[in-house]
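The values are calculated or read from the model by the stated rules, or taken from the named source; none is laboratory data. Note that the structure is predicted; figures quoted are calculated from it, not measured. Cβ: placed from backbone, ideal geometry, glycine included. Neighbour counts: every protein chain shown.
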Amino acid sequence: MASPNPVSSLFTQVDITPAASTKSQQVHGYGDEHSILLRQILTAQDRQNELLEELVNLLGSHHKQRQHELSQWKQANPELSKSCRKAAEALSKVQVEFIDKMTGEVHEYSDVFMDGEYMLNEFVDRYGPRMAHLNGVLQVLAQLGSATPGPEAPAT
């Protein structure tokens with residue numbers, strides 16, 4: 001038995017009422033709100049980028065000033081600069097020996113360090129301050145004795 005109207009089952013009924021249009025307006029309202037939020041985020045990111053650029057420029061200018069002062073000192077004291085470089089090279093060899101001795105002791109007593117805190121503290125007390133001071137002295141001597149850099153290219 002065939003249905004009386006087979007064509008009517010192919011079509012669906014669409015309800016167009018004022019409630020559907022208010023829902024559409026609400027969606028558009030959210031779209032406007034999202035646009036506003038995205039603009040605010042973009043503005044905040046632009047400001048953050050400006051601040052980062054200022055920070056980079058500030059740090060760069062501080063570094064350039066420090067390099068300029070160091071270069072002037074080296075020009076005023078060329079013999080002392082050479083002496084600092086030689087001292088840094090010699091002290092670097094001492095540092096290598098010191099580190100070799102320290103690592104040898106670590107390998108020899110690693111089990112004791114694991115078992116007791118007292119021995120580990122003794123080790124740190126014995127080598128820690130010397131290592132820190134030696135590194136500091138080496139850093140100063142190396143910086144004062146480093147080769148004078150050539151003129152810097154202007155930033156573009």
For region 116-156: of the residues being among the charged types (D, E, K, R) and at pLDDT 90 or above, which is nearest to A88 (Cα to Cα)?
R130
Just give me the residues in region 83-116 being surrounded by 14 or more Cβ atoms within 10 Å (Cβ to Cβ) and of a type in the set (A, V, I, L, M, F, W, C), in sequence order.
C84, A87, A88, L91, F98, M102, F113
L80: at pLDDT 90 or above, in a helix (DSSP H, G or I), in contact with a Leu (Cβ under 6 Å, 6 or more places away or on another chain) and more than 30 Å from E53 (Cα to Cα), yes or no?
no
Search region 37-55 for residues that are hydroxyl-bearing (S, T, Y) and pair each with any residue that is part of a helix (DSSP H, G or I) and at pLDDT 95 or above when their beta-carbon atoms are under 9 Å apart and the residues are at least 6 apart or on different chains.
none
Within region 64-75, which residues are over 12 Å from L144 (Cβ atoms) and without any contact (Cβ under 8 Å) to a residue 60 or more places away in the chain?
Q65, R66, H68, Q72
